[in-house]
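J.: This is the structure, below, for whatever I ask next.
The values are calculated or read from the model by the stated rules, or taken from the named source; none is laboratory data. Keep in mind that what you see is a predicted model, and the values were worked out from it rather than measured. Glycine also receives a Cβ, built like all others from the backbone with ideal geometry; neighbour counts cover every protein chain displayed. Remember, those area values only see protein heavy atoms, side chains included, never the ligands or the DNA or RNA. Shrake-Rupley method; radii C 1.70, N 1.55, O 1.52, S 1.80 Å.
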Amino acid sequence: MPALTDPIAISSLRLANRLVLPPMVTGLADAGRASDAQVAWYSRHAAGGVGLVIVEGTAVSEDGGLV
């Protein structure tokens, strides 16, 4: 059985390990848009060695937004 720390390939996606950070509401978005605090939160978790980070629903441009 593979270990969680073993690399994995899913089609053309290659991950360093099998650890996944699922999307969760951090409460750090600014009116539905990504904030510096939110980017820092995800950056800290990604730097911790998670193979895949799935971010929460957040607009990625000024004219985008969550309804």
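J.: If a residue has to be open to solvent by 60 Å² or more (accessible area, probe 1.4 Å), modelled with pLDDT under 90 and not in a loop (DSSP other than H, G, I, E, B) to count, how many in region 39-67 make the cut?
T.: The number of residues fulfilling the criteria is 1.
J.: Let me ask something additional. Considering only residues of region 1-41 that are touching a Ser or Thr at 6+ places or on another chain (Cβ under 8 Å) and of a type in the set (Gly, Ala, Ser), which is nearest to SER61 (Cα to Cα)?
T.: If we take residues in region 1-41 being touching a Ser or Thr at 6+ places or on another chain (Cβ under 8 Å) and of a type in the set (Gly, Ala, Ser), then ALA34 is nearest to SER61 (Cα to Cα).
J.: Take region 27-45 and flag every residue that is among the charged types (D, E, K, R) and within 14 Å of the chain's Cα centre (by Cα). Even if it seems obvious, please write down each step before you answer.
T.: First pass over region 27-45, keeping only residues among the charged types (D, E, K, R): 30, 33, 36, 44.
Matches in region 27-45: ARG44 only.
J.: Also: Which members of region 28-38 meet the condition of being among the charged types (D, E, K, R) and not in a strand (DSSP E or B)? Talk me through it step by step, then tell me what you get.
T.: Initial filter on region 28-38 (among the charged types (D, E, K, R)): 30, 33, 36.
Passing the criteria: only ASP36.
J.: I'd like the full set of residues that are open to solvent by 80 Å² or more (accessible area, probe 1.4 Å) and β-branched (Val, Ile, Thr), limited to region 4-38.
T.: THR5, ILE10, VAL25
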